[in-house]
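See structure below.
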Amino acid sequence: MNLVTVSGPPSSGKTSVILKTIDSLKKRGLKVAVAKFDCLYTDDDVLYEKAGIPVKKGLSGALCPDHYFVSNVEEITNWALKNQFDILISESAGLCNRCSPYIKGIKAVCVIDNLSGINTPKKIGPMLKTADIVVITKGDIVSQAEREVFASRVNTVNPSAMIMHINGLTGQGSFELSTLLYSEENHIDSLKGMELRFPMPAALCSYCLGETRIGESYQMGNVRKMKVDDDND
């Protein structure tokens, strides 16, 4: 089975791109399943079910969605292997720019949209910088010049990634993406012992454990302070 991880900022069009891409994969006779990870709520699993795609949904709740993904991806992969799917696509929540749910040796796709701002590629971090494929969406809403400038900014941040433009509404470009997601050379039979491409955000402080009061006396663990200089002192 092939495993593909798809991540990106909130509302960048991840689900639409995956649905259109799976249509092309199905036409090749491939059995595809989806694991949808999110934070508090998602009805994307309903969209997958309506399309006849087997799906498992996980909500992280109060936990970091990236940590939740890593804690559960092995079990989800075992489920897909047991059911003999050809491809399992893992769709992450709309993550903070520091996160990156990518695994070494596993195809990684980052979805980002043209409307997010011209400087956004510099802000996203490892989620964009370590991706194998970068999919840019909503290009039909901006001009050709804006598309080219945005793609150039993406290329500056991740020069080794393949950059693709896909329309999540019409599916234009999704067939080309589908040809890159499945390969017999990328078959896996387990994730045990595999490593993340980038370490998780470092955080274990009093607020992680439920503290709500503000003040230095309530702050314990991994805490970083800003340097604030007062010119009047």
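The values are calculated or read from the model by the stated rules, or taken from the named source; none is laboratory data. Predicted model, so just to flag it, every value in this text is computed and none were measured. Counting neighbours? That spans all protein chains shown, and the Cβs are built from the backbone with ideal geometry, glycine included.
Quick notes on this one:
- Test: Lys192 is outside any loop (DSSP other than H, G, I, E, B), surrounded by fewer than 16 Cβ atoms within 10 Å (Cβ to Cβ), among the charged types (D, E, K, R) and out of contact with any Pro (no Cβ under 7 Å at 6 or more places or on another chain): no
- Evaluation of Val109 against (1) surrounded by 23 or more Cβ atoms within 10 Å (Cβ to Cβ); (2) at pLDDT below 95 (one fails), failing number: (2)
- Taken together, Asp113, Asp132, Asp86 contain a single residue that is within 17 Å of Phe198 (Cα to Cα) and either in contact with a Lys or Arg (Cβ under 6 Å, 6 or more places away or on another chain) or of a type in the set (Asp, Glu) (or both), which is Asp132.
- Residue match in the stretch 11-34 (condition: out of contact with any Leu (no Cβ under 9 Å at 6 or more places or on another chain), assigned to a strand (DSSP E or B) and not hydrophobic (A, V, I, L, M, F, W, C)): no
- Odd one out for Val157 among (1) in contact with a Pro (Cβ under 6 Å, 6 or more places away or on another chain); (2) surrounded by fewer than 16 Cβ atoms within 10 Å (Cβ to Cβ): (2)
- Failed item in (1) free of Cβ contacts under 8 Å to residues at least 60 places away in the same chain; (2) under 13 Å from the mean Cα position of the chain (by Cα), with Ile18 passing the rest: (1)
Table: residues versus (1) small (Gly, Ala, Ser); (2) out of contact with any Leu (no Cβ under 9 Å at 6 or more places or on another chain); (3) without any contact (Cβ under 8 Å) to a residue 60 or more places away in the chain.
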site: Val154; (1), (2), (3): no, no, yes
site: Val157; (1), (2), (3): no, no, yes
site: Met162; (1), (2), (3): no, no, yes
site: Leu169; (1), (2), (3): no, yes, no
site: Phe175; (1), (2), (3): no, yes, no
site: Ser190; (1), (2), (3): yes, no, no
site: Tyr207; (1), (2), (3): no, yes, yes
site: Val223; (1), (2), (3): no, yes, yes
site: Val228; (1), (2), (3): no, yes, yes
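- Some residue of the stretch 199-214 being touching a helix residue (DSSP H, G or I) at 6+ places or on another chain (Cβ under 6 Å) and not in a loop (DSSP other than H, G, I, E, B): no
- Selection from the stretch 123-137 of residues that are without any contact (Cβ under 8 Å) to a residue 60 or more places away in the chain and of a type outside the set (Gly, Ala, Ser): Lys123, Leu128, Lys129, Asp132, Ile133, Val134, Ile136
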